[in-house]
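To start, the structure itself, in C-alpha cells.
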Amino acid sequence: MTKIIHRSLRGSLPFAVSAKGITITDRDGKVYIDASGGAAVSCLGHQHPEVLAAMHAQIDRVAYAHTGFFTTEVAEELAETLIADALPGIGHVYLVSGGSEAVEAALKMARQYFVETGEPDRSVFIGRRQSYHGNTLGALAVGGNEWRRKQFAPILIDVGRVSPCYEYRDRREGESPEQYSERLATELDAKILELGSKRVIAFVAEPIVGATMGAVPPTPGYFRRVREVCDRHGVLFIADEVMCGMGRTGTLHALEQEGISPDLMTIAKGLGGGYQPVGAVLASTKIIDAFKRGSGMFQHGHTYIGHAVGAAAALAVQRIIKRDGLLDKVKADGAYFGVALRKALGNHPFVGDIRGRGLFWGVELVEDRATKRAFDPALKLNAKIKAEAMQRGLMCYPMGGTIDGVHGDHVLLAPPFIARRSELDEIVARLAAAIHSGTASLKRAA
Ligand SMILES: Cc1ncc(COP(=O)(O)O)c(C=O)c1O
C-alpha cells in the first residue's frame, strides 16, 4: 500500500514510467496522450532534449546557492529574458517555485507597496467568484472556487467578491458583449466604493479563467474597463496568468490581447513547462521603485526562491518557444483545434458551450442545451468522463462546479504547443468518444 497522501485516498493511480513528446507511458505499457499538459503545464511536451541538457549543465555548475548569499547567472538571464518580453511597465521579476507561491508573493508585494507609499489603511483584496489562485491560505482566500474554499473558509482572510466574466451564462438577452463588460466594470466600481476606495489594495483576476470554469475568455473591453476602474481608485490590478499565460493562448501573456498591463502578474506552469517547479511574479517598475525608495527590500522569501535549476529549465523552455516560433503555431493550431472541437462536439446534445483561445479550450456540458440546465452534480459526470478518457489513453482535465462550485461540468484541454495537427485530431476523436460514453452511461442509468 502507498505511503503517499495522494490527491484521493481512495482508488489507485497508474505509475508513470516514461514520457516523450505529447505522451506518458504507464507501468503496464499503456500510452496516454497528454491533452491537458497535466494541468496546462507541459507546453513543450515531455523530455525535450534541449531542456534536459540545460538542466544537466546547470546541475554540473551549481545546483543551489541560497539567494541570501548569492545570485546566479542563469537566474539573472531568465529575469532579463522575461522583462524583455514583458508587458509595458513591468520591470522586475521575483522567482518562486510555483503558482500559489507566486500569488502569495504578489499579494504581499501589493500590500507592502501601500505601506511604503503611506497608505497603510489599504488592507482588502477583491477577487471574482469562480476563480482559482492557488491552495495556500492567501491564494485560497482571494480565489472564488467555492468547493476548494468551503471547509477552510473560517480561517481565510475576508475578500470582496465580484462576478466573473462568463458570457455563456451571464450575458443577458439583448445585451451586447461590450455592454456586458461595462456592467461588470460598474459592479467592480461599486464593490470598491462599498469596501472603501482607500481601503482596497488590489483586484485579482485570471485573464482567462482556467480550471474552475474551463478556459473562459473575457468579453471585449472588459479588462480595459477593469484597468480604468482600478486606476480611478488607486487600486492595483494583479493578473493571475499562472495557467493562461506564457504562450498558452497564442501570445506570451494573455493580457496582451486585451491591450492593458497589470501592476503585478503571476506566472508558473508554462514558464518551466513542468521540467522544474518554477513560478514568478512580474512586477511593475512603479512598485519596485517604491520599495527601493522606502525600506529597500521586499519583506518575503523562501528557501528555494531563484533556484538555479528551476531558472535553467525556464530559460531553456522560453528560448525554445521563441526560437521555434511556437506562439504563431499556438495561434494557428489553436484555431484549427477549435474548429475540430466544434465540428466533433458542437451539435452534441449535451455540449452547451465550446470556448477558448490558442491551445486552451473548455467544453461545458449541460443536460439541456435550450435552458443550459446542468447535470445533477450527484451524477459526477466530470469524473465519469475522466475515467472514460483515461481508458482511451487520453489525459484531459474534467472538473465539476463550473457554475457555482457545485453545479456544472466541463472539460479543460491544454495540449502541448508541439502537438501536430494529426495529434490534435486524435485528441478530439478520443475526447468525443469519452463524452459520448460518459453521457450515454448517465442516460442509461436514468
Ligand atoms: C490561475 C491559477 N493560479 C494559481 C494556481 C496555483 O498554482 P500551483 O498549483 O502551482 O500552486 C493555479 C493552479 O492551477 C492556477 O490555475
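The values are calculated or read from the model by the stated rules, or taken from the named source; none is laboratory data. Because the structure is a prediction, the values reported are computed rather than measured. Here Cβ is always computed from backbone atoms with ideal geometry, including for glycine, and neighbour counts include all displayed protein chains. All accessible areas refer to the heavy atoms of the entire protein, side chains included, with ligands and DNA or RNA removed. Shrake-Rupley method; radii C 1.70, N 1.55, O 1.52, S 1.80 Å.
Somewhere in the stretch 44-58, is a residue within 16 Å of the ligand (Cβ to nearest atom), of a type outside the set (S, T, Y), farther than 21 Å from D289 by Cα and open to solvent by 20 Å² or more (accessible area, probe 1.4 Å)? Scanning the stretch 44-58 turns up no residue that is within 16 Å of the ligand (Cβ to nearest atom), of a type outside the set (S, T, Y), farther than 21 Å from D289 by Cα and open to solvent by 20 Å² or more (accessible area, probe 1.4 Å). For the stretch 110-136, a residue qualifies if it is of a type in the set (S, T, Y) and either part of a helix (DSSP H, G or I) or over 19 Å from I208 (Cα atoms) (or both), and the qualifying residues are Y113, T117, S123, T136.
What about A340, is it open to solvent by less than 10 Å² (accessible area, probe 1.4 Å) and assigned to a helix (DSSP H, G or I)? Considered against the rule, which asks whether it is open to solvent by less than 10 Å² (accessible area, probe 1.4 Å) and assigned to a helix (DSSP H, G or I), A340 comes out as no. Across the stretch 84-98, the number of residues qualifying as in contact (Cβ under 8 Å) with a residue 40 or more places away in the chain, open to solvent by 20 Å² or more (accessible area, probe 1.4 Å) and either in a helix (DSSP H, G or I) or not aliphatic (A, V, I, L, M) (or both) comes to 7.
Residue-by-condition table, conditions (1) among the aliphatic types (A, V, I, L, M); (2) surrounded by 18 or more Cβ atoms within 10 Å (Cβ to Cβ); (3) in contact with a helix residue (DSSP H, G or I) (Cβ under 6 Å, 6 or more places away or on another chain):
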site	(1), (2), (3)
R227	no, yes, no
I238	yes, yes, yes
R248	no, yes, yes
E258	no, yes, yes
K269	no, yes, yes
G272	no, yes, yes
Y275	no, yes, yes
G306	no, yes, yes
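Count of the stretch 178-222 residues, restricted to those that are assigned to a loop (DSSP other than H, G, I, E, B), open to solvent by 30 Å² or more (accessible area, probe 1.4 Å) and over 30 Å from C396 (Cα atoms), is 3.
If the condition is being hydrophobic (A, V, I, L, M, F, W, C), within 13 Å of the ligand (Cβ to nearest atom) and assigned to a loop (DSSP other than H, G, I, E, B), then the stretch 266-304 contributes A268, V278. The residues in the stretch 137-177 that are outside any helix (DSSP H, G or I) and either within 17 Å of E206 (Cα to Cα) or touching a His at 6+ places or on another chain (Cβ under 8 Å) (or both) can be counted, and the count is 11.
Across the stretch 245-261, a minimum of one residue is classified as within 25 Å of D34 (Cα to Cα), more than 16 Å from the ligand (Cβ to nearest atom) and either assigned to a strand (DSSP E or B) or in contact with a Lys or Arg (Cβ under 7 Å, 6 or more places away or on another chain) (or both). The condition of being touching a residue at least 24 places away in the same chain (Cβ under 8 Å), under 27 Å from G11 (Cα atoms) and part of a strand (DSSP E or B) holds for only one of V363, V406, that being V363.
Among the criteria (1) touching a Ser or Thr at 6+ places or on another chain (Cβ under 8 Å); (2) closer than 17 Å to V428 by Cβ, the one D409 does not fulfil is (2). The residue of the stretch 359-375 that is farthest from the chain's Cα centre (by Cα), among those that are open to solvent by less than 10 Å² (accessible area, probe 1.4 Å) and within 16 Å of Q257 (Cβ to Cβ), is L359.
Just one of (1) over 14 Å from the mean Cα position of the chain (by Cα); (2) open to solvent by 10 Å² or more (accessible area, probe 1.4 Å) fails for I287. It is (2). Return the residue satisfying two criteria in turn: it lies in the stretch 1-43 and is within 22 Å of G325 (Cβ to Cβ) and part of a loop (DSSP other than H, G, I, E, B), and of such residues it is most open to solvent (accessible area, probe 1.4 Å). Looking at residues that are within 22 Å of G325 (Cβ to Cβ) and part of a loop (DSSP other than H, G, I, E, B), I get V41. For the stretch 372-396, residues that are assigned to a strand (DSSP E or B) and within 16 Å of V351 (Cα to Cα) total 1. Exactly one residue among E50, E73, E80 is out of contact with any Leu (no Cβ under 7 Å at 6 or more places or on another chain), closer than 13 Å to V309 by Cα and not β-branched (V, I, T), and that residue is E73.
How many residues are more than 24 Å from H302 (Cβ to Cβ) and polar (S, T, N, Q) if we restrict to the stretch 43-82? So the answer is 1.
All but one of (1) within 16 Å of the ligand (Cβ to nearest atom); (2) touching a residue at least 40 places away in the same chain (Cβ under 8 Å); (3) open to solvent by less than 30 Å² (accessible area, probe 1.4 Å) hold for L156, so report the exception by its number. L156 satisfies all of (1) within 16 Å of the ligand (Cβ to nearest atom); (2) touching a residue at least 40 places away in the same chain (Cβ under 8 Å); (3) open to solvent by less than 30 Å² (accessible area, probe 1.4 Å) except (2). Scanning the stretch 104-150 for residues that are more than 16 Å from the ligand (Cβ to nearest atom), under 24 Å from H302 (Cα atoms) and open to solvent by 60 Å² or more (accessible area, probe 1.4 Å) turns up R111, V115, S123.
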